[in-house]
1. In Å, the Kirkwood hydrodynamic radius of region A:10-120 over pairs of distinct alpha carbons?
2. Considering only region A:138-289, what is the antiparallel percent among its DSSP beta bridges, to the nearest 5?
3. Find which of B:Gly356, B:Ala292, B:Gly264 sits farthest along the positive direction of the dipole of region B:238-383, computed with +1 on the beta-carbon of Lys and Arg, -1 on that of Asp and Glu, about the Cα centre.
4. Can you work out the base-10 log of I(q)/I(0) for region B:17-95 at q = 0.17, 0.22, 0.24, 0.27 1/Å, using the Debye formula on its C-alpha atoms alone?
5. Long-range amide H contacts for B:Leu80: which residues qualify at under 5 Å (H placed 1.01 Å from N, peptide plane, sequence gap of 5 or more or a different chain)?
6. Find out how many positive minus negative residues lie around B:Lys361, taking Lys and Arg as positive, Asp and Glu as negative, among other residues whose Cβ is under 13 Å from that of B:Lys361.
7. Which three numbers, in whole Å and largest first, are the semi-axes of the equivalent ellipsoid of chain B derived from its Cα gyration tensor as √(5λ)?
8. Suppose we take every Cα in the protein assembly as shown and form the convex hull; what volume per residue is that in Å³?
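The values are calculated or read from the model by the stated rules, or taken from the named source; none is laboratory data. The structure displayed is predicted, hence computed values, not measured ones. Cβ: placed from backbone, ideal geometry, glycine included. Neighbour counts: every protein chain shown. To get the accessible areas, we keep the full protein, side chains included, count just its heavy atoms, and leave off ligands, DNA and RNA. Shrake-Rupley method; radii C 1.70, N 1.55, O 1.52, S 1.80 Å.
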Amino acid sequence: MSILVNSETKVIVQGLTGREGRFHAEQMMKYGTKVVAGVTPGKGGQEVLGVPVFNSCEEAVKATGADTSVVFVPAMGAADSACEASAAGVKLVVLITEHIPVLDMIRVKEFFAKNGTQLIGPNCPGIITPKQCKIGIMPGYIFEPGPIGLISRSGTLTYEATWQLTQQGLGQSTCCGIGGDQVPGLYFTDMLKLFRDDPETKAVCMIGEIGGNGEEMAAQYVKETNYPKPVFGFIAGLTAPKGKRMGHAGAIITGNSGRGEDKIKAFQEAGITVIHELGKFGETVAQALKGKI
Amino acid sequence: MNIHEYQAKGLFAKYGIPVPQGYLALTPQEAVEAAGKLEAPWVVKAQVHAGGRGKAGGVKVCKTVEEVEAAAKAIIGMKLVTKQTGEAGKIVHKVWVESGTSIARELYLAVVLDRTAGRLACMASPDGGMDIETVAAETPDHIFTCKLDAAHEIWPFQARKLFFGCGLDAKQVGEGVKMLQGLVKLAKEEDAVLVEINPLCVNAEGHLVALDAKVNFDDAALKRHPAIAALDDPEEADPLELKAKEAGVNYVHLGGEVGTMVNGAGLAMATMDAIKQAGSTPANFLDAGGGANEDMVAAGFSLMLEDPNVKGVLINIFGGILRCDIVAQGVVNAAKRTGMTLPLVIRMEGTNVEEGRRILKESGLNYHPAASMSEAARKIAEITGRA
C-alpha cells in the first residue's frame, strides 16, 4: 500500500515536449513510472521518448485512460494546464511549476474543488512511492520502500530527511512534497488523513517552515483525533528575520502569524516529536521508533 | 514588490478611490513649487518603503511655504529609522507634498490574501491610524472581515456590512462600497496581494478620503504587468541584494558573519538555523536552486567577499538532479575566478558525491570538509570564533 500513487498509476506529462518536461519524464520512466501520454497544445501526433503527444488532456485521457497528470508548463500558463487536466477527469494533478501567480492558484483550487480533483503543489518536487511510482523531480535513488510517510514543504529538505531515514534503514511508504507556495493544494492535514488510512505507513514525518498556519492546523488535527501513529515534526527558518522573503513564496513571517516558535509549540502540545537539529533527523526518528514498528 | 505611497495613490486615483491631490518632489525647491499648485495647509511626507514614518519624523504638516521648504530640507537626505526599517534606517530621496485634510475620523481598510482560506479577503476597522495587528490582538471585535469568491469579486452587501460595522452613516457607507470595489478591482487586475489604506479618513465634510496608500504586488505576476514592474525603486533595495538580483541569484542579506550557499530554500533556512544553533550568525540566505553552475557560485562568492562582516563561508549542497561533481567543479573554478580568500567549509551529499569530493580534494582548494550538517555548523562556528 501507499497513498495517492502506486505502480498502477498512469501519468500524463503536460509540457513533455519542453526541456524540463522531457528530462524529468525520462527520469520518471527510468524509475518505473507509467508515463502514458504527453500533452502540448499544437504538437499532437508527435512522439517523445516513445510516448504519444496529444493536443489536449481530454484526448490524452480518452486514448490512454490516464488518471494522473504532472505539469511542467511555465508559470504564466500552468494554472490553465492544471485546470485542463482536472476538466479532463484525472484524479490527481501534480503541479511542479514555481512562480505561479497566487490569484491564479485561488481560481485553480476552486476549479479543482468543483471537479473533485486532488492537487499537489505548486512549487513542489512532486510525490514518490518508492520502487513503484515517481512523479516529479526528486532523485529516485535516495528513496527506499518502508514504513515512514513523509510530508514536506521543501524539496531539498525532503531529500536531506529521506536520505537520513534511508541511512537508518527506515524506508518510506510515500513521500510528498506539498510545495512552498501561499495557496497550495493538499496540505499537512489532508496528507495526515491519507497516511492514517494506509496500513503500510507506521509513522509520519512532517517538514514544515515558517509562514502560514498549516503546521498548527495539522497539530490540532493530530491532537483532536488522537492520531493513531507516531508523528515527527521539523520546522525550518526558526532564525529567519521577520518580513524577509526566503525563496519559497510561503516562507515569510508577517506580524505574529507563521512564527516558527508557535509551530514548535503546537507540535509539542499535540504530542508530536519535535526534531530540533536537522543533522539528527534520521537518528531521532530511528531511536524513537526502535522496537515500536 | 512594494511601491511608494505616491505611486500607490496614483493607482488609487486610476481606480476611482479618492486621494488628496499632491506632487512628488526630489528637492526642497520642487516641494515649494508643488505647494504653489495646492491649497494650504500642506503635508510633506517622506517616500520610503516603511511604515511608522510619522512617528520617526518623516511626515510634517506645514502652514506656510517657508515651512514646506524647511520640512523638505529636513526630510530629503535624512536617515529615517522606524519600527519597520530596523536600526539601519532608510535614506529618504524624495517627498510627497499634498493638500492637508481636516480629519473627523480615522478608519482602516484593506484587501489582503487570506492564506488559510486560500482567498482574497477584505478587512475594515473603526480604529484607523494604528498598527492593525495590535488592534486585532487587543480588540478583535473592532475588526470586520469578508472573504471574496474565487473570481476575486465583492458583492456590495459584503462591503456594506464592513462599513456599517465601523459605524459610518448611510451616505458614507455608499462611498465606502465604491471605494472597496475599487480596491478589489485594483487587486484583481494588477495582481496585488495587499492593498491597504491606513488611515482611511472621514474628512470635515463627511467624505471618505485615502490619507495613506500601501500596495504589495505578487512578484510571480509581475511578468504580466510591465507597467507595475516599472514602479520598482532600486534605491529601496539592499545594495548587495540588488547586485544578487542582477546576477540572478536568490539572496537575502542578513548581516551576520557566516556566508551561506545552499541549494533549495528549505535547506538554506535549515542551514541558517544550524549556524545559529552552533553559536554563530548567518550573513545571508542564498538559494543556489537547481542550477548552481560556476557563474552562479562565482556571483555568490563575490557577494560574500563584498560583505565586510563575513568571516567564513559554509557551502551545503544536497545533490539531486543537480549533481555533486558539477557543483564541486563550479566551486573550484569560481573560487579561482573570484580570488576566494575566506575560510570555506563544504558539506556535500547526494548524487555523484564521491566524484564531487574527489574533485574538491584534488583541486588544491583550501577548505574544510564536513561529513554532516551538524559537523559543518560546528566547524564554521569554530572558524568564526564562536564555538
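1. Details: mean 1/r = 0.0739 Å⁻¹.
Answer for region A:10-120: a Kirkwood hydrodynamic radius of 13.5 Å.
2. Details: 1 of 19 bridges.
Here the share of antiparallel DSSP bridges comes out near 5 percent.
3. B:Gly356
4. Normalising to I(0) and taking log10 leaves -0.61, -0.94, -1.07, -1.25.
5. Those lying under 5 Å, H to H, from B:Leu80 are B:Lys90, B:Ile91, B:Val92.
6. Working: positive: B:Arg357, B:Arg358; negative: B:Asp325, B:Glu354, B:Glu355, B:Glu362.
With Lys, Arg at +1 and Asp, Glu at -1, the neighbours total -2.
7. Values: eigenvalues 461, 122, 63 Å².
So the equivalent ellipsoid measures 48, 25, 18 Å along its semi-axes.
8. Details: hull volume 108.6 nm³, N = 680.
Given the Cα convex hull of the protein assembly as shown, per-residue volume reads 160 Å³.
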